[in-house]
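Throughout, read-outs are computed from the coordinates displayed, never taken from laboratory work. Note that the structure is a prediction, hence the values are computed from the model and not measured. Glycine gets a Cβ as well: all are built from the backbone with ideal geometry, and neighbour counts include every protein chain shown.
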Amino acid sequence: MKKFIGICFKLGIIVFALAIILGKIAMPQQFTTITNVCKGMYYVYKGDKAYQKKNLQNAVDYYNKGLELYPNHYGAWFNLGNIYVVYEDYYAAIDSYQKAFELKPGFTLARMNYGIISTEKLGNFDEAIAQYNIIVNSKNKLWTIPFIYNNKKTEKINKGLAYYNLGLAYRERSIYEENFNPEEAKNDLTKAIEAYQNAIKILKDNYSIQYNLALAYHLKGQYQKSGTHYCEAISIEPMNYEAHYNLAILLKHLKLYKEAYNEVEKASILISQGTNSNTQSYVFDILNDISQTLVIQDKYNYLVEKIDNSTQNNDDITYVNGKIVSTEALDKAMLENFRTCESKNFFEGKQ
């Protein structure tokens, strides 16, 4: 600390001497300001070290000391915001993020985090939407220094994420508005869809965007587009139960019970590996409901055929004490089965 302050003191002497040479004698207040900035930078440096080591309370203490002396350090404000999120002090977090992007208007991550916390934790959709719109409409400078620095890809990805989060904010606001302003709710759902579509143009193979776009179409009653995007999501992440489950609900609504059973069966297998018993119970109830419908409609025979077919050509399956043991070929076949969306042709109008 003494060494650091000594460097600052020497810097102040140099600045003071230059001012005299130029005929502009520095005031003592200016010299004090330089010293405070140096001290503030030192405490921020200590805060960064504590932050990297995950000593969060020490980091908070150092950052606050540093910002008291040098309040214009936007990086310290940003890191403080991140720490406050961990402590679930969300109002302090958004205040810190706001100070960060007020000091540096092009600080995309600060605006993004501000929007996420505003939407997911505080329900302040308007503020979140405002920040996401600033990001997607911004024209930040793109720098390329061969082999050294290139921010084009980062800026592109950030815009894609901002469009995605914008879609989430519009969808959440539409759910909130549905009871007292149905027309505005519909408008917000349309805006959510537009935002997701813009996000997909940038982040093409993203499960979350495809899934949420499908969900938005589902909520809006545009079932063909919804089913298409559920299938896209499944092709990207076949082992995620949500898309299988929601597609099953959609197919059940369309009275495509055979296809619905296949999807909810996949969802039940995937969710059985998790720990959320309430969700498991709900999925199994839907599975049972669709099964009963198939029995009533005498469409259950295809399941028997499916089981019979699965026992043929099973040279790659090994049995140990009466149990199936996975082999590489079996794993590959199961993954391909989960990735296959049997209703895709229906939604694409090929049937």
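Radius of gyration over Kirkwood radius for region 120-257, both on Cα atoms: the Rg/Rh ratio is 1.05. Inter-label distance, H253 to M334: 3.1 nm, where each label sits 7 Å from its Cα along the C-beta direction. Each Lys and Arg Cβ is given +1 and each Asp and Glu Cβ -1; about its Cα centre, region 183-264 then shows a dipole of about 240 debye. Among 42-51, 197-206, sorting by the average number of other beta carbon atoms lying within 10 angstrom of each residue, highest first, gives 42-51, 197-206.
Using bins of 10 Å that start at zero, the share of Cα-Cα pairs per bin across region 177-255 amounts to 20, 47, 28, 4, in whole %. Rounded to 0.05, the FRET efficiency of the N36 and E120 pair, given R0 = 35 Å and the Cβ-Cβ distance, is 0.40. Once the Cβ-Cβ distance of Y45 and A130 is raised to the sixth power relative to R0 = 41 Å, the FRET efficiency obtained is 0.75. Histogrammed with a bin width of 10 Å, the alpha carbon distances of region 40-111 distribute as 26, 54, 21 percent, first bin at zero.
In this simple spin-label model, placing a label point 7 Å from the Cα along the Cα-to-Cβ direction at both N72 and V86 gives a separation of 2.9 nm.
Note on K139 and Q222: the extension gain reaches 26.5 nm, defined as 0.36 nm multiplied by sequence separation minus the Cα-Cα distance.
Over the C-alpha atoms of region 54-198, the Rg to Rh ratio, Rh being the Kirkwood estimate, stands at 1.04.
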